[in-house]
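The block underneath contains the structure these notes are about, expressed in structure tokens.
The values are calculated or read from the model by the stated rules, or taken from the named source; none is laboratory data. None of these values were measured; they are calculated from a predicted model. Here the Cβ positions follow ideal geometry from the backbone for every residue, glycine too, while neighbour counts run over all protein chains shown.
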Amino acid sequence: MGVLSTERTSGVGAMDGEHSPIRVLKQKWNVEDAARDKQEERAQQLFLEQEANRTFAPIEDFLTRLRKVVSAADASAEIDTWEHLGDRRLRRVARILCSNPPRQLRLEFTIHGVSIFYRDKVYRFTGGIGQLIPVVTTDVERFLSPLRKQAGS
């Protein structure tokens with residue numbers, strides 16, 4: 001029985017040795033597949049960002065103009081890069097920052113197709129952007145209101 005046991009062990013070892021090149025080839029394919037999947041995912045992300053940039057362009061133009069206005073109130077505006085949320089949705093955050101007193105207003109926009117979600121409301125690219133800009137303007141005015149009162153006193 002000891003001889004039989006040894007033969008089985010050496011037989012398994014021999015089979016492993018024979019399959020070693022196949023295992024190496026499978027590992028190589030797995031690495032190549034993973035790299036290709038990652039490349040494909042990044043290409044899809046770039047495509048979604050390009051589409052979202054078109055939808056977001058009027059808001060970004062507005063925020064760029066707003067940056068000049070808030071600087072007169074001793075504040076600044078920043079716009080973050082796209083954040084991928086999955087399910088073909090992207091988020092972009094703008095911040096209005098005040099240094100005295102230190103505080104910030106976070107303006108969060110989620111893009112899905114040609115829709116922009118802001119504060120739990122949907123604005124469509126066709127016509128809805130005209131409704132969104134006054135809403136954002138009101139939010140910024142409320143945020144800056146204490147600064148104007150402070151400057152007036």
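The figures follow:
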{"read-out": "Pick from the stretch 35-71, criterion aromatic (Phe, Trp, Tyr) and closer than 23 Å to GLN131 by Cα, ranking: modelled with the lowest pLDDT", "value": "PHE56"}
{"read-out": "GLN27 being closer than 30 Å to ILE111 by Cα and either at pLDDT 90 or above or part of a helix (DSSP H, G or I) (or both)", "value": "no"}
{"read-out": "ASP33 vs. criteria surrounded by fewer than 16 Cβ atoms within 10 Å (Cβ to Cβ) and within 17 Å of PHE109 (Cβ to Cβ)", "value": "no"}
{"read-out": "Residues of the stretch 109-133 satisfying the condition of being surrounded by 14 or more Cβ atoms within 10 Å (Cβ to Cβ) and under 18 Å from THR64 (Cβ atoms)", "value": "PHE109, ILE111, ILE116, TYR118, ILE129, LEU132, ILE133"}
{"read-out": "Positions within the stretch 128-153 being modelled with pLDDT under 90 and of a type outside the set (A, V, I, L, M), in sequence order", "value": "GLY128, GLY130, GLN131, SER145, PRO146, ARG148, LYS149, GLN150, GLY152, SER153"}
{"read-out": "ARG119, sole failed condition from (1) on the phi > 0 side of the Ramachandran plot; (2) in contact with a Lys or Arg (Cβ under 7 Å, 6 or more places away or on another chain)", "value": "(2)"}
{"read-out": "Failed criterion for THR81 (all others in (1) buried (at least 16 other Cβ atoms within 10 Å of the Cβ); (2) not in a strand (DSSP E or B) hold)", "value": "(1)"}
{"read-out": "Which listed residue, of PHE56, PHE47, PHE62, is outside any loop (DSSP other than H, G, I, E, B), touching a residue at least 40 places away in the same chain (Cβ under 8 Å), of a type outside the set (Gly, Ala, Ser) and out of contact with any Lys or Arg (no Cβ under 7 Å at 6 or more places or on another chain)", "value": "PHE62"}
{"read-out": "Near pairs, Cβ below 6 angstrom, 6+ apart or cross-chain, from the stretch 72-96 (under 15 Å from GLU49 (Cβ atoms) and at pLDDT 90 or above) to any residue that is of a type in the set (D, E, K, R) and surrounded by 14 or more Cβ atoms within 10 Å (Cβ to Cβ)", "value": "TRP82/GLU49; TRP82/ARG92; GLU83/ARG91; LEU85/ARG91; VAL93/GLU108"}
